[in-house]
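Student: First, the structure itself, so that you have it in front of you.
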Amino acid sequence: MVNVIFSGESEADIKLLIKLARKIGIKTRILSIEEWEDMGLGFAIEDGKTGEIVDTREFLKKLRK
């Protein structure tokens, strides 16, 4: 499976892309704002993974600064 996300200023252009995709048999789905934010958070978490063990107390200290 291959996934693509389109984002644009013109709602009409996005609707045209959706119509074309559906016409050629590609499933489409419009994401809610919450789903969009969750996906962005997931990407950020994935990018931030280092594989290192972190001392929770030290991490929380740094967050409180």
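Student: Taking the condition in a helix (DSSP H, G or I) and among the basic types (Lys, Arg), does Lys27 pass? Can you show your working first?
Tutor: Working: in a helix (DSSP H, G or I): no; among the basic types (Lys, Arg): yes.
No.
Student: I'd like to verify a number: residues in the stretch 11-20 that are open to solvent by less than 100 Å² (accessible area, probe 1.4 Å) and under 20 Å from the mean Cα position of the chain (by Cα), how many?
Tutor: Residues meeting the conditions: 3.
Residue by residue, here is whether (1) under 30 Å from Leu16 (Cβ atoms); (2) in contact (Cβ under 8 Å) with a residue 24 or more places away in the chain; (3) of a type in the set (Lys, Arg) holds:
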position: Ile26; (1), (2), (3): yes, no, no
position: Ile30; (1), (2), (3): yes, no, no
position: Leu41; (1), (2), (3): yes, no, no
position: Ala44; (1), (2), (3): no, no, no
position: Glu52; (1), (2), (3): no, no, no
position: Glu58; (1), (2), (3): no, no, no
position: Lys62; (1), (2), (3): no, no, yes
position: Lys65; (1), (2), (3): no, no, yes
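Student: While we're here: Residue check, Ile18 against (1) assigned to a loop (DSSP other than H, G, I, E, B); (2) touching a residue at least 12 places away in the same chain (Cβ under 8 Å), all met but one. Which one?
Tutor: All conditions are met except number (1).
Student: Scan the stretch 37-59 and tell me whether some residue there is basic (Lys, Arg), more than 20 Å from the chain's Cα centre (by Cα) and surrounded by 10 or more Cβ atoms within 10 Å (Cβ to Cβ).
Tutor: The first filter runs over the stretch 37-59 and keeps only residues basic (Lys, Arg), leaving 49, 57.
Filter once more, so that each one left must be more than 20 Å from the chain's Cα centre (by Cα): 57.
Remaining after also requiring surrounded by 10 or more Cβ atoms within 10 Å (Cβ to Cβ): none.
There is no residue in the stretch 37-59 that is basic (Lys, Arg), more than 20 Å from the chain's Cα centre (by Cα) and surrounded by 10 or more Cβ atoms within 10 Å (Cβ to Cβ).
The values are calculated or read from the model by the stated rules, or taken from the named source; none is laboratory data. Quick caveat, the model's predicted, so the values are computed rather than measured. Methodologically, a virtual Cβ is constructed for each residue, glycine included, from the backbone with ideal geometry; neighbour enumeration extends over all protein chains shown. Just the protein is used for accessible areas: all its heavy atoms, side chains included, with ligands, DNA and RNA removed. Shrake-Rupley method; radii C 1.70, N 1.55, O 1.52, S 1.80 Å.
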